[in-house]
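Below is one structure, written out as structure tokens; the observations come after it.
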Amino acid sequence: MILIGENINIMSQVLGPAMRERNPVPIQEMAKVEAEAGVDYIDLNIGPARKGGDELMEWVVNTVQEVTDLPLSLDTTNSIAMEAGLKTHKGKVLINSISPARASKQLPMVTMYNSDMIGLLWGIDGMPRDSAERGVLAVDIIYQANEAGIPNEAIWIDPIASPITVEINQVIACVEFMSMLEEIAPGCKSTVGLSNVSNGTPIDLRPWLNRTYMIMLMRHGLYSAIVDAFDPELIKIAKGERPEIVDLVYRAMDGNKPDPSSLTEEELKYVKTVRVLTGESLYSHSWLEI
Ligand code: THG
């Protein structure tokens, strides 16, 4: 699987101020940590960046490319800032992200800079309510992209993962959508922001949700994921180094109920986490204890 490191983010309490002060050190340190952790892309999220976004994006792209050759994923809703980043970036870039509503402005940039794009399934009315609405939005964005001359292979569809603390049906809908994608759009790629699913859960337990959710999506062909580079175990799983855990999660998804006494403590945590992510048991912060 292709991994996009999420850690360079203007919301971060360290990197936000560093971006505003144009202090390259913490940003370059984070880029190096992400590269060493084994991610394939580094996401640069500068937020809406309404004022001076173009200058900020250009500076962040240059700052990161001074310390790594990894391709970047440029994350801002400001089209002017996006274009400044595309101009500055060396090599193949990923635009994160383009939604049907913003497509007319941003799709021409994909063509002009020969980039890849994340197609975000965010509708005019906001978040899609289920997998069928996701399917409709996917068809819309892919149609518009194809019309602009962009092939399916350059489109990474993101169904938008929701926090399990907010709406379990949305967590389930993303997995369901992933199982439909190949039929809707042969050759399209996919990605999911895994940390979204554990937003609002106890910080030390977030990795269990992120990893398990990734495996559940992998089962339906997930191509890439936006990940926390500080979870080495998640990266191992993504790189195929924990096949027995992947297999265990697949079996748990099938409703296979292993005898708890035959499982290690680690295995039991994955099985319990599958149960809350499929909605089989109700989520609470103590889901691993019961
Ligand atoms: N899809 C796409 N892009 C995305 C997302 C997505 N970009 C943003 C987001 N979702 C993925 N990135 C993050 C980055 C940080 C966190 C979650 C998702 C996060 N940060 C910690 C927190 O808020 O508690 C710590 C922040 C800090 O360093 O202070 O959870 O879904 N296409």
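Semi-axes of the equivalent ellipsoid of region 107-172 are 26, 12, 9 Å, computed as sqrt(5λ) over the eigenvalues of the C-alpha gyration tensor in descending order. Shape verdict for region 1-41, please, from the Cα gyration tensor: rounded (a/c under 1.5), prolate (a/b greater than b/c) or oblate. Because a/c hits 1.5 or more and a/b exceeds b/c, region 1-41 counts as prolate. For the chain, the alpha-carbon radius of gyration amounts to 1.00 times the rule-of-thumb value 2.2 N^0.38 Å expected for a compact globular protein.
All other residues with a Cβ under 14 Å from the Cβ of ASP69 taken together, and with Lys, Arg as +1 and Asp, Glu as -1, what is their net charge? Summing Lys and Arg as +1 and Asp and Glu as -1 gives -1. When Rg and the Kirkwood radius Rh are both evaluated on Cα atoms of region 1-85, their ratio Rg/Rh stands at 0.93. Normalised by residue count, region 152-264 yields a Cα convex hull volume of 117 Å³ per residue.
Largest first and in whole Å, the equivalent-ellipsoid semi-axes of region 193-259 read 19, 14, 11, each the square root of five times a Cα gyration tensor eigenvalue. Quarter the surface of the alpha carbon convex hull of region 128-206 and you get the mean projected area, 5.4 square nanometres.
Is the shape of region 87-222 rounded, prolate or oblate, going by the alpha carbon gyration tensor and its root eigenvalues a ≥ b ≥ c, with a/c under 1.5 for rounded and a/b larger than b/c for prolate? Note, shape of region 87-222 comes out prolate.
Of the beta bridges in the chain, as assigned by DSSP with both residues counted there, near 5 percent are antiparallel.
Across region 53-93, the relative contact order, built from alpha-carbon pairs under 8 Å that are at least six residues apart, equals 55 percent. Could you state the angle between the C-alpha long axis of helix 79-88 and the longest principal axis of the C-alpha atoms of the chain, as a value from 0 to 90 degrees rounded to the nearest 10? The two axes meet at around 80 degrees.
Per-peptide packing, taken as the mean over residues of other Cβ atoms within 10 Å, places 22-35, 205-218 in the sequence 205-218, 22-35 from highest down. Equivalent ellipsoid of region 47-105: semi-axes from √(5λ) of the C-alpha gyration tensor, largest first, are 19, 13, 8 Å. In terms of the mean number of neighbouring beta-carbon atoms within 10 Å, the peptides 57-66, 93-102 order highest first as 93-102, 57-66. Helical runs (DSSP H, four residues minimum) scored at -39500 (n - 2.57) apiece and divided by the length of the chain put the mean residue ellipticity at 222 nm at -14000 deg cm²/dmol.
A short reminder: the numbers here are calculations on the coordinates, not readings from a lab. Since we're looking at a predicted model, the values are computed, not measured. As a convention, Cβ positions derive from the backbone with ideal geometry for all residues, glycine included, and neighbour counts pool all protein chains shown.
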